[in-house]
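Remarks on the structure that follows.
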Amino acid sequence: MIRFNDILEKVAGRFDDKETALLQKAYVFSAKAHKGQVRRSGEPYLSHPLEVAGLLADMNLDSTSLAAGLLHDVLEDTDVGPDELRGLFGKDAADLVESVTKIGRVQEVSPEHQRAETIRKIILAMTDDLRVIFIKLADRLHNLQTLKYLPEDKQRQVAAETLEIYAPIANRLGMGRIKAELEDRAFRYVEPEEAARVEALLEGRRKAAEKALRSFRLALGRALKAGDIPAEIQGRIKRPYSIWRKMKSRKIDFNQVYDFLALRIVTDTVRNCYQALGIIHENWPHIPHRFRDFIAMPKPNLYQALHTTVLTADQSSFEIQVRTKEMHALAENGIAAHWRYKDDDPQSLVREDRRLQWLREMVDLFREQGDPKEFLANLKINLIPEEVYVFTPKGKVVSLPAGASALDFAFRIHSEIGLHAAGALINGKASPLRTLLRTGDIVEIATSPGKTPGRSWLQMAFTSGARHRIKRWLNQQEKSKAVALGRKLWLRQTAKPGTQGGYPAGAALLARLAETVSFRIRTLDDFFSLLGRGRLVLTRKLLDRIARPEGGPWPKDGQEGAAVIQDRERIPELVRLARCCRPIKGEPIVGYLTAGTGIRVHALRCLRVTKELLSPERMVEVSWDEISPGPSRAGVTIEAANIRGLLAKVVAAITGLEGDIDKADVATSPEARAEIRLELTITDIGHLEAIIGAISKIEGILSVDRT
């Protein structure tokens with residue numbers, strides 16, 4: 001177990017007396033607050049905040065972060081309150097502790113909602129102060145180190161959440177060391193059999209691999225020394241989780257993992273990075289498609305290094321990374337290595353740092369995305385590590401996630417270019433917007449003022465930023481249609497015979513709506529939009545409540561009242577029976593809003609309803625009006641024995657109940673069966689059920705079904 005003095009040694013030379021005193025105070029307070037508490041491992045509870053603070057010290061974070069690390073569980077697990085923390089340790093430290101505590105308090109029943117809510121809290125906390133995620137990552141890492149003491153189901157839950165949320169966030173922040181340990185430790189609990197298999201394969205080759213690494217490291221060191229390149233050379237065997245993920249994603253065997261063995265060269269300058277690369281390629285042949293220059297084209301998290309894979313005389317392959325000391329520090333601790341306040345504003349880094357563009361996009365997505373499934377899918381795209389690097393015609397480098405299309409590129413350049421994209425030129429060749437991009441492509445987007453997004457564009461866009469902008473545009477268009485449809489519905493319903501007269505208009509209508517509906521309505525367009533989307537239904541009861549009170553007429557409000565009266569004769573038919581199921585008056589029905597055309601009424605038995613093919617948010621409650629819509633047509637199919645005179649009995653039963661037969665088809669089979677298909681004109685569902693009941697009683701009838 002780490003001791004407090006060990007933490008002080010880690011920060012010696014970085015912290016002044018005031019900062020050291022803050023840590024001492026936080027340590028003593030945490031020890032008193034957690035006194036008597038024990039972790040499942042049997043260790044005193046204080047061991048956990050000490051370990052967290054130690055990890056934060058390794059990240060070279062500030063004294064406030066370390067103090068918050070020591071205190072991060074006191075609100076959750078002791079009687080200490082936020083006000084007490086704020087009074088003793090200041091606003092910054094108390095806010096950090098409170099934010100970390102809130103992330104852990106997620107009580108959703110659905111695992112999907114739970115993950116989405118956890119991520120929502122993490123992202124929002126990060127936008128307030130990025131140090132929250134550093135503390136949470138350190139907390140999660142130490143919890144994984146002691147995960148074996150938890151029940152098996154809890155182990156899998158924590159480990160799965162780590163792989164889905166925390167490791168990808170660490171990756172996006174460039175925190176390679178933390179990400180690697182999170183992945184490998186979680187892997188053992190999420191896929192224990194696969195982890196054991198990969199570790200067994202590694203163990204079988206470990207001695208030979210370590211020998212090969214030592215030999216090649218010496219040869220590489222001699223070559224660099226001869227070229228007068230100062231360098232520290234580190235060797236490593238690829239991590240178990242990284243090997244397994246590559247085998248799984250590329251469907252390859254263990255022996256086909258080329259970067260199984262790797263060396264890292266850390267030198268002093270960018271110039272020496274490239275000179276070292278030249279020396280390497282002079283001495284050993286490299287695999288061309290395995291060379292990547294992340295110095296010239298950094299990853300989105302600003303990771304920089306040269307990557308190459310070479311072959312030795314015995315055909316062994318080695319991945320070599322070349323970077324400067326500064327690049328190495330950034331690769332290990334990412335954005336945490338360069339954490340600095342700007343004007344005492346912890347939000348300034350989030351607003352200004354290019355590495356956090358994805359975070360800003362996720363915040364925008366939160367505001368408009370209500371579906372947890374889609375949000376989680378978009379999050380995974382944002383956190384995906386693989387990238388492609390393409391160029392504009394002027395040579396500007398644009399990085400996109402692997403799987404991005406030309407349409408994604410258009411939106412990344414500018415939202416207006418994306419919204420009016422008409423086509424793409426990729427490497428000088430005309431290509432569809434759905435074309436997937438590859439590293440090195442030169443992309444040019446053709447635009448047209450008349451070209452605008454359709455629903456199909458969501459199938460062509462991969463990045464959450466592009467999808468977010470497309471959806472926002474579509475939603476704006478749908479809102480306009482909903483307003484127009486809602487206005488028509490209002491005009492039609494208030495023009496029906498039997499409704500009370502004197503409906504208010506303009507400001508008077510808004511005032512009345514504020515008294516009669518539960519929705520917050522600021523403008524009449526808000527009201528019409530609710531009607532058009534089906535979120536508010538104009539029932540007779542609601543119309544009566546909106547209508548003029550008996551005390552006198554509503555005050556006149558300009559021209560709108562007159563416009564209502566003038567338009568009533570030109571109102572289109574907005575409510576129609578669906579052709580797919582032809583509902584009959586009296587049977588259970590549901591309305592379905594079709595933007596811009598009105599409501600289609602479906603029978604609840606309709607296959608589109610029973611198979612949930614219709615969007616639930618567009619369904620509205622409807623009921624049959626007292627005024628009959630007129631005679632209805634219905635089809636019935638009769639299965640019967642092939643008996644002489646049976647058809648005449650069926651016809652007599654129908655006409656006896658005043659039903660009309662519009663069409664009849666009869667087919668017989670060798671098995672002495674007959675199928676009779678009829679098209680009938682009836683008055684309502686009760687009339688049809690009476691006819692079906694009468695036919696069913698005829699001798700020889702096997703079944704009668706509606707069609």
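The values are calculated or read from the model by the stated rules, or taken from the named source; none is laboratory data. Nothing here was measured: the structure is a model prediction, and the numbers come from that model. Glycine also receives a Cβ, built like all others from the backbone with ideal geometry; neighbour counts cover every protein chain displayed.
A few notes on this one:
So that you can scan it fast, the table gives a plain yes or no per residue for (1) surrounded by fewer than 15 Cβ atoms within 10 Å (Cβ to Cβ); (2) among the hydrophobic types (A, V, I, L, M, F, W, C); (3) modelled with pLDDT of 90 or more; (4) not assigned by TED's automatic domain parsing to the domain that holds GLY176:
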| site | (1), (2), (3), (4) |
| --- | --- |
| GLY204 | yes, no, no, yes |
| LEU220 | no, yes, yes, yes |
| ALA226 | yes, yes, yes, yes |
| GLU232 | yes, no, yes, yes |
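- Options VAL310, VAL266, VAL322: the member that is of a type in the set (Val, Ile, Thr), within 29 Å of PHE134 (Cβ to Cβ), assigned to a strand (DSSP E or B) and in contact with a Phe, Trp or Tyr (Cβ under 9 Å, 6 or more places away or on another chain): VAL322
- Restricted to the range 136-196, the set of helices (runs of 4 or more DSSP H) holding at least 1 residues that are farther than 14 Å from TYR241 by Cα and free of Cβ contacts under 8 Å to residues at least 40 places away in the same chain comprises 152-161.
- Pick from the range 413-430, criterion in contact with a helix residue (DSSP H, G or I) (Cβ under 7 Å, 6 or more places away or on another chain) and surrounded by fewer than 18 Cβ atoms within 10 Å (Cβ to Cβ), ranking: nearest to GLN476 (Cα to Cα): SER415
- Residue in the range 474-489 that is part of a strand (DSSP E or B) and without any contact (Cβ under 8 Å) to a residue 24 or more places away in the chain present: no
- Residue check for SER99: in the same structural domain as LEU130 (by TED's automatic domain parsing), free of Cβ contacts under 8 Å to residues at least 60 places away in the same chain, in a helix (DSSP H, G or I) and within 33 Å of the chain's Cα centre (by Cα): yes
- Output for the range 208-217, where each listed residue is touching a strand residue (DSSP E or B) at 6+ places or on another chain (Cβ under 9 Å) and surrounded by fewer than 13 Cβ atoms within 10 Å (Cβ to Cβ): ARG214
- Residue that is farthest from TYR149 (Cα to Cα) [pool: residues in the range 48-78 that are out of contact with any Phe, Trp or Tyr (no Cβ under 9 Å at 6 or more places or on another chain) and without any contact (Cβ under 8 Å) to a residue 40 or more places away in the chain]: LEU75
- Pairs meeting the criteria (first residue in the range 21-47 and assigned to a helix (DSSP H, G or I), second residue acidic (Asp, Glu), beta carbons under 9 Å, at least 6 apart or on different chains) are SER30/ASP73; ALA33/ASP73; ALA33/ASP77; ALA33/ASP79.
- Residues in the range 62-73 that are buried (at least 24 other Cβ atoms within 10 Å of the Cβ) and either of a type outside the set (S, T, N, Q) or not in a helix (DSSP H, G or I) (or both): LEU66, ALA67, ALA68, GLY69, LEU70, LEU71, HIS72, ASP73.
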